[in-house]
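Take a look at the structure set out below.
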Amino acid sequence: MTPRPHSREWYAALARDLGGYQHPWTRVLDGPDPELTYDLLLTTHLTPQTRVLEAGCGHGPDAARFGDQAARWAAYDHVPELLALARQHAPQADFHDWNGKGAVPPALHGPFDLIVSRRGPTGIIRRLPELAAPQARFLYVGPRLTVPQVQGRLAAVGWTVLGQWQISVQAWVPTREDWATRCAWMEEPERLSEWDTQVTAAGLPYREERLVVLAGASG
């Protein structure tokens with residue numbers, strides 16, 4: 001039986017079968033990867049003094065890529081199989097098993113200068129007041145152009161959106177199997193019929209979209 005997408009069992013299967021939290025379908029982009037905007041903003045906020053908390057770290061690709069640029073890179077996830085991979089990929093970071101709910105583990109008390117989430121849980125926003133240092137920033141990239149809970153949750157904890165970027169790039173999937181996999185990943189089963197009505201010789205065209213948000217504490 002296939003695990004429900006985005007369940008704990010599903011993430012564990014990704015760790016086992018794909019070696020991490022990675023898109024399991026083939027795609028071709030007609031432009032730069034939309035997440036490059038997030039990468040650029042992340043690097044501009046990193047210094048040798050920056051203390052970073054990453055929400056939903058997966059198998060640790062960002063800790064491995066950017067962790068050496070920060071004073072500390074702490075991260076959490078709720079899937080032990082992904083955390084085991086993260087500790088292998090980024091031994092200089094510290095990883096913790098937490099689902100973002102309940103009491104904050106003592107090792108994650110901070111304070112942190114930068115809290116980041118790459119397509120990870122938005123629930124971390126509710127914890128910003130207790131985790132963030134003065135003048136801290138929150139940086140998020142989501143898989144859709146609109147993620148209303150991000151702006152609403154930021155306002156609820158007194159944080160202000162300092163910048164928001166909506167990036168959309170033309171993309172193609174080469175096979176119906178790839179399209180079905182993507183629809184399941186994005187929880188968009190109603191879009192399966194697009195393959196039968198819109199496919200071209202190059203595959204099915206669609207838009208690869210991201211929303212990037214940078215926020216800071218109000219006042």
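The values are calculated or read from the model by the stated rules, or taken from the named source; none is laboratory data. Not measured: the values here are computed from a predicted model. Note that we place each Cβ from the backbone using ideal geometry, even for glycine, and neighbour counts take in every protein chain shown. Surface areas here come from the heavy atoms of the whole protein model, side chains and all, with no ligands, DNA or RNA. Shrake-Rupley method; radii C 1.70, N 1.55, O 1.52, S 1.80 Å.
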Considering Gly120, Gly163, which residue is in contact with a strand residue (DSSP E or B) (Cβ under 7 Å, 6 or more places away or on another chain), outside any loop (DSSP other than H, G, I, E, B), open to solvent by less than 60 Å² (accessible area, probe 1.4 Å) and within 21 Å of Ala70 (Cβ to Cβ)?
Gly163
Among the residues of the range 176-211, which ones are under 23 Å from Ala13 (Cα atoms), free of Cβ contacts under 8 Å to residues at least 40 places away in the same chain and among the basic types (Lys, Arg)?
Arg176
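In the list Trp73, Trp10, Trp25, which residue meets the criterion of being without any contact (Cβ under 8 Å) to a residue 40 or more places away in the chain, surrounded by 13 or more Cβ atoms within 10 Å (Cβ to Cβ) and under 23 Å from Glu208 (Cβ atoms)? Write out each step before concluding.
Working: Trp73 fails: under 23 Å from Glu208 (Cβ atoms); Trp25 fails: without any contact (Cβ under 8 Å) to a residue 40 or more places away in the chain.
So the residue among Trp73, Trp10, Trp25 that is without any contact (Cβ under 8 Å) to a residue 40 or more places away in the chain, surrounded by 13 or more Cβ atoms within 10 Å (Cβ to Cβ) and under 23 Å from Glu208 (Cβ atoms) is Trp10.
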Can you tell me which of Arg137, Arg182 is among the basic types (Lys, Arg) and open to solvent by less than 60 Å² (accessible area, probe 1.4 Å)?
Arg182
Residues of the range 76-90 that turn out to be open to solvent by 10 Å² or more (accessible area, probe 1.4 Å) and of a type outside the set (D, E, K, R), as a count:
6
Of all residues in the range 99-117 being open to solvent by less than 20 Å² (accessible area, probe 1.4 Å) and under 17 Å from the mean Cα position of the chain (by Cα), which is nearest to Gly56 (Cα to Cα)?
Ser117
With the structure loaded, tell me whether Arg207 is under 22 Å from Tyr76 (Cα atoms), open to solvent by 40 Å² or more (accessible area, probe 1.4 Å) and assigned to a strand (DSSP E or B) or whether it fails that test.
no
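Which is on the phi > 0 side of the Ramachandran plot, surrounded by 17 or more Cβ atoms within 10 Å (Cβ to Cβ), under 17 Å from the mean Cα position of the chain (by Cα) and modelled with pLDDT of 95 or more, of Gly60, Gly67?
Working: Gly67 fails: on the phi > 0 side of the Ramachandran plot.
Going through Gly60, Gly67 in turn, the sole match is Gly60.
When you look at Phe95, is it farther than 16 Å from Ala215 by Cα, in contact (Cβ under 8 Å) with a residue 12 or more places away in the chain and surrounded by 14 or more Cβ atoms within 10 Å (Cβ to Cβ), yes or no? Give the derivation first.
Values: farther than 16 Å from Ala215 by Cα: yes; in contact (Cβ under 8 Å) with a residue 12 or more places away in the chain: yes; surrounded by 14 or more Cβ atoms within 10 Å (Cβ to Cβ): yes.
Answer is yes for this residue.
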